[in-house]
Each structure stands twice: as structure tokens, then as C-alpha cells.
Amino acid sequence: MVFWVFGYGSLVWNPGFEYDEKVIGFIKDYRRVFDLACIDHRGTPDRPARTCTLENFEGAVCWGAAYCVRGGPEKERLAMEYLERRECEYDKKSLVDFYKEADPSEPAIPGVIVFTSTPDKISNKYYLGPAPLDEMARQIATAYGPCGNNRDYLFLLEKAMYDIGHEDDMVIGLANEVRKVLGIVGKGIFKEMLAGPSHIALKAQMASLQLRPLPEAVALDS
């Protein structure tokens, strides 16, 4: 058995598991959105982070990285167990076709696993849903958890997409809005991305942001 998994968020820059091959490419009819709560890594139940998931959108493409795990049942089991713990806030696993830039009409790898979430607040306790850009930016600018802050997740994703040569306009727009909240001038994605303390005290910005606690979970990154 050999399996491939598609990374479109933190897996792009930090897979965290042993893999045998990494391929840059895209999947079709999905787009990246910051509609999923993270309450145990880059956020807390009182102040959940916003991390990305995918939503179906006909005609869209989502660039990222596909990772291949081969080498026997034990290695594959360990990789999948790690991924399921890490992606525990995602309640769906789907198989999708993966394409490479050299041939965008024919799948390069069929049956790639992708973790996504059900866009339903009733059935999916981690689903936050869409929000105005400025509201998402305030939430991302101020959320932090045991393993880091939410803004770094966004800035690292922005840089990762730049590094693979396929920037995401939505990610760039949200990152620039977060910089406005943080009082950062300019649109460069490098010099300021890790500057400053993990917890940004923005009481004035947070005054209008209402966040409800979510049930606890265990995850390694998202």
C-alpha cells in the first residue's frame, strides 16, 4: 500500500511526518478559506484561532503539496495516525485528483487524500464559517495558543505559497489586513512576519470581537 496526502495549510511548510516524495501541484474545484477553529495549538477555547480548510467552488484550483508515504504497513500506519491526530479538527477525508503544472488537464496522481471540514456549525463544532475580512483579521491578529500565534500561521502560509511559486490572493489579502490590525506598514511578506511578541495586546481592536468557547480537542498543528 502507498498513499498520498495533499497539504494546503501548515502541511505545505511543516509536514511533520516521514514521507518519501513531495510534489507541488493543485487540486480542482476547491478553494482555501479560513473558516475552521483551532483551540489547542494556535488558539484556545476562549480565543480560537482561524485556520484554513477547503470549500467546494467550481472552477477554482488550490495549490499545495502532495506527500507520498511508502515503505511498508508500519510506516504508513504511523504517518496516518500522526495525520489523524494533527488534523482532528477536520471531520472529512476525501480522495481527489492531483494535477501538476506541466499537464493541468490530466491527473498526475489520482486518489490523493485531503482533510477537509463539513461547512455546518451544527454538525461540525469547529466550523466558524465566513466572516468579514476585518473581523477575521482581528481574530487572527490576537489569537494565540500553546504552540504559537495565529498570525504566524497565516504569514508562514503566505510565504510557503510564495516559495512554491503560487501565491494565493485570498491569503495575501487577509495577511495584509492582519498587518493593518498590527499597525504594520507595507506589503512585504518577510521582514515583519515573525516580529513582536506572541500575544498582541489590542484591546481596542478586540472590543467588538465576540468569540464563543469551543469544546477541547487534541491536535499537533493545523
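The values are calculated or read from the model by the stated rules, or taken from the named source; none is laboratory data. This one's a predicted model, so the numbers in the text were calculated from it and none came from an experiment. Backbone-built Cβ (ideal geometry, glycine too); neighbour counts: all protein chains shown.
I'm trying to understand the selection: among the residues of segment 71-103, which are in contact (Cβ under 8 Å) with a residue 60 or more places away in the chain and either small (Gly, Ala, Ser) or not in a helix (DSSP H, G or I) (or both)? Selection gives Ala79, Glu87, Cys88, Glu89, Tyr90, Val96, Asp97, Phe98, Tyr99, Lys100, Glu101. For Met161, the criteria (1) in a loop (DSSP other than H, G, I, E, B); (2) modelled with pLDDT of 95 or more; (3) of a type in the set (A, V, I, L, M, F, W, C) hold in every case but one, which is (1). For segment 11-25, what are the residues that are within 17 Å of the chain's Cα centre (by Cα) and either surrounded by fewer than 21 Cβ atoms within 10 Å (Cβ to Cβ) or under 17 Å from Lys93 (Cβ atoms) (or both)? Across segment 11-25, the qualifying residues are Leu11, Trp13, Asn14, Pro15, Gly16, Phe17, Ile24.
Scoring Val69 on the criteria (1) surrounded by fewer than 16 Cβ atoms within 10 Å (Cβ to Cβ); (2) among the hydrophobic types (A, V, I, L, M, F, W, C); (3) over 29 Å from Ser123 (Cβ atoms) leaves a single failure, condition (1). Scanning segment 33-90 for residues that are over 23 Å from Glu158 (Cβ atoms) and among the basic types (Lys, Arg) yields Arg70, Lys75, Arg77, Arg85.
Ser123 meets the conditions (1) hydroxyl-bearing (Ser, Thr, Tyr); (2) modelled with pLDDT of 95 or more; (3) exposed (fewer than 15 other Cβ atoms within 10 Å of the Cβ) in every case but one. The failed one is (2). Tell me yes or no: at least one residue of segment 147-169 is surrounded by fewer than 20 Cβ atoms within 10 Å (Cβ to Cβ), within 20 Å of Phe26 (Cα to Cα) and in contact with a strand residue (DSSP E or B) (Cβ under 7 Å, 6 or more places away or on another chain). The answer is yes; a qualifying residue exists. For segment 82-93, state whether one or more residues are under 16 Å from the mean Cα position of the chain (by Cα) and either within 24 Å of Gly173 (Cα to Cα) or aromatic (Phe, Trp, Tyr) (or both). Yes, some residue in segment 82-93 is under 16 Å from the mean Cα position of the chain (by Cα) and either within 24 Å of Gly173 (Cα to Cα) or aromatic (Phe, Trp, Tyr) (or both).
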